[in-house]
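What follows is a short report on a single structure.
The values are calculated or read from the model by the stated rules, or taken from the named source; none is laboratory data. As the structure is a prediction and not an experimental result, all values here were calculated from the model. Methodologically, a virtual Cβ is constructed for each residue, glycine included, from the backbone with ideal geometry; neighbour enumeration extends over all protein chains shown. When the accessible area is computed, the model is the full protein with side chains, heavy atoms only, and any ligands, DNA or RNA have been set aside. Shrake-Rupley method; radii C 1.70, N 1.55, O 1.52, S 1.80 Å.
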Amino acid sequence: MAGGIFSPLGSCSELEKANCHPLVCLLCHEPYQHPCLLDCYHNFCASCLRGRASDGRLRCPLCGHPSVVRGGTGLPPVDRLLQFLVDSSADGEEDVQCANCDRCCTKAELDTMYFCNTCGQPLCAPCREETHRARMFARHEIVSLSKRTKDIHKKCPLHEEPYIMFSTEKKSMLCINCFRDMQGESRAHCIDIETAYMQGCQRLDQAVMAVKELQTSTREAIVLLKAMIEEVRNSASEEEAAINSLFSRMQEQLSERKKTLLKAVQSQHEEKEKAFKEQLAHLASLLPTLQVHLVTCSAFLSSANKAEFLDLGYQLMERLQRIVKLPHRLRPAQTSKINSEYRAEFARCLEPLLMLSPRRSLVGSAGGIGPGITGTNMLPGGQCSKTLMVPSCPPSSDKMSTGPMVKKPTMHRYISTKVLLAEGRETPFAEHCRNYENTYRMLQTEIQSLKDQVQELHRDLTKHHSLIKSEIMSEILQKSLQMDVQIAAHYSAVEMMRSVFEEVWEETYQRVANEQEIYEAQLHDLLQLRQENSCLSTITKQIAPYVRSIAKVKERLEPR
């Protein structure tokens with residue numbers, strides 16, 4: 001029913017099932033009748049929008065964007081482009097009656113109908129032969145009925161002369177008299193119809209490509225938002241599971257705190273999910289607009305001739321450019337990580353029970369489990385509190401120790417770094433991560449190259465017993481020593497940044513908790529690289545005597 005209440009689409013699946021035909025109103029689901037264009041570039045029938053305006057503003061039934069309406073009708077302006085497509089579509093569907101014999105022709109018989117441009121009336125084939133073959137009708141211009149629609153814009157309505165030029169300044173077609181009446185400087189902006197048509201097609205292609213890129217970005221953003229909504233749910237589930245696991249060890253003293261924390265997680269979950277869904281709804285309402293305009297462009301190019309294209313094409317180009325320039329929220333406004341600070345809250349509850357000192361410190365002795373984590377903040381079951389431990393003094397032991405470390409794996413660190421950099425915040429730690437990734441990939445590539453060379457040498461010795469040049473062993477050992485120096489230097493450089501970052505972490509720990517985990521994982525990856533390099537050096541040293549022995553045998557056999 002025209003003017004009925006339109007219920008917004010609730011999900012992308014419903015949006016994909018919705019009717020997105022460019023000539024069908026989204027409210028009444030009927031072909032457009034006097035289509036009106038809103039400021040958000042959604043179209044609706046005039047009858048569907050009548051009575052919806054309030055205080056000179058009309059809110060879009062689809063996306064809710066307010067549009068300013070002027071005049072006493074309370075309606076936005078008629079969309080000439082869409083009206084042209086509706087009329088072009090209707091011309092091929094209506095029945096035509098011959099003006100001479102009143103014979104009605106169906107849609108299948110339209111190809112046999114004619115139109116007299118001089119009389120301005122349609123004619124059937126028999127009447128054309130019987131009446132318009134006389135000498136008095138010899139100068140009448142008779143064309144096929146389908147061609148009549150295409151020729152309606154070919155003549156200037158002011159001078160009744162055919163269009164021959166196009167003004168790029170005024171975006172209008174000119175006949176010979178219009179061209180003569182123009183000022184000299186304005187004539188410099190006039191080109192012929194064919195050139196104007198070609199230039200217009202090129203500019204329209206550029207506008208269509210921009211809309212297609214926006215369409216692709218919108219779809220990617222929708223997929224990302226749907227994934228982040230699911231990640232919010234998973235993150236909430238993981239957070240709740242961790243809270244329940246930790247709470248089960250604390251018994252009655254933590255029952256009230258548990259309820260508070262679960263409410264906080266649920267609140268964050270609902271808040272983030274609501275924000276993502278609102279952004280998803282905005283993008284979901286944008287997608288049909290892009291699809292409709294792309295289909296509109298395709299229909300316009302296939303149904304409009306050169307004159308019609310030049311009459312309406314630039315309006316279409318300007319509309320597409322405005323759509324692309326509108327502010328679209330394609331990137332998530334916040335992260336999907338839910339953090340309730342449950343470890344810190346539980347630690348505060350357990351301070352009276354476990355006699356925890358409120359002062360944060362780092363024990364630089366054997367009691368330390370790892371950088372920033374001591375035995376006093378390790379909970380039963382191997383879980384450790386995220387309470388920040390600021391070092392009071394650097395440990396005296398070797399920083400590149402290969403002792404047991406509880407760190408994040410390389411892949412987890414890589415993904416966390418990607419997420420951190422994708423947030424777009426320019427912080428010192430983000431810049432450090434960019435530099436670290438470049439250096440780490442270079443070191444990793446060099447280590448992999450050395451590993452491949454050692455594996456090839458080991459295979460040749462064990463399987464083929466082939467002769468190997470001893471110089472290769474020296475080169476591998478030399479490169480391995482150089483890599484050890486580079487890794488140690490990079491490790492020291494990263495370690496020196498600890499004091500700088502920990503000052504920031506102490507002030508805003510919750511914001512950079514993820515950064516700390518990435519940082520520790522970086523040190524762990526460097527240690528792992530050094531262990532691999534150490535094993536590589538050990539294997540090389542073990543097979544070095546065999547290489548030298550084979551080389552000596554080779555020297556003895558060469559004279560023979």
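Observations on the model:
- Carbon plus sulfur fraction of accessible area for segment 18-91, probe 1.4 Å, in percent: 51
- Percent RCO, i.e. relative contact order, over segment 216-354, from Cα pairs under 8 Å lying at least 6 residues apart: 46
- Solvent exposure, largest accessible area first (probe 1.4 Å, DNA, RNA and ligands not counted), of Thr427, Thr508: Thr508, Thr427
- Averaged per residue, segment 18-91 has 48 square angstrom of accessible surface, using a 1.4 angstrom probe with ligands and nucleic acids left out.
- Heavy-atom accessible area for Ile472, with the other protein chains in place and a 1.4 Å probe, reaches approximately 60 Å².
- Approximating the spin labels as points 7 Å out from Cα along Cα→Cβ, the Glu220-to-Arg133 distance works out to 6.6 nm.
- Where Asp311, Asp460 fall by accessible area, highest first, once all protein chains stay in place (1.4 Å): Asp311, Asp460
- Interchain or long-range residues, amide H under 5 Å from Gln121's placed H: Cys116
- Heavy atoms of Lys155: accessible area, 1.4 Å probe, square angstrom to 10: 110
- Estimated vicinal HN-Hα couplings, Hz - segment 264-275 in sequence order (Karplus 6.51, -1.76, 1.60; Gly, Pro = x): 5, 5, 5, 5, 5, 4, 5, 5, 5, 5, 5, 5
- Phi-based couplings in Hz for segment 436-452 (Karplus 6.51, -1.76, 1.60; Gly and Pro marked x): 4, 4, 4, 5, 5, 5, 5, 5, 5, 5, 5, 5, 5, 5, 5, 4, 5
- The H on the amide N of Val96, modeled in the peptide plane, is under 5 Å from the matching H of Cys105, each at least 5 residues off or on a different chain.
- Rounded accessible area of Phe137 (nearest 10 Å², 1.4 Å probe): 50
- Heavy-atom accessible surface of segment 216-354: percent carbon and sulfur, 1.4 Å: 50
- In the frame of its principal axes, segment 216-354 has Cα extents of 86, 19, 16 Å, reported largest first.
- When Leu261, Leu477 are compared by accessible surface with a 1.4 Å probe, the order from highest to lowest is Leu477, Leu261.
- Surface accessible to a 1.4 Å probe, per residue, for the residues of segment 216-354, Å²: 52
- Considered as an equivalent ellipsoid built on the Cα gyration tensor, segment 128-257 has semi-axes of 72, 24, 11 Å, the largest given first.
- In range of the label at Ser549: residues from segment 473-495 whose backbone nitrogen is under 18 Å from the point 7 Å along Cα→Cβ: 473
- Remark: segment 217-232, residue by residue, has Karplus-estimated 3J(HN,Hα) of 5, 5, 5, 4, 5, 5, 4, 5, 5, 5, 5, 6, 5, 5, 5, 4 Hz, where x stands for each Gly or Pro and the curve is 6.51 cos²θ - 1.76 cosθ + 1.60 at θ = phi - 60°.
- Each label was represented as a point 7 Å from its Cα along the Cα-to-Cβ direction; for Glu213 and Met442 these points are 3.2 nm apart.
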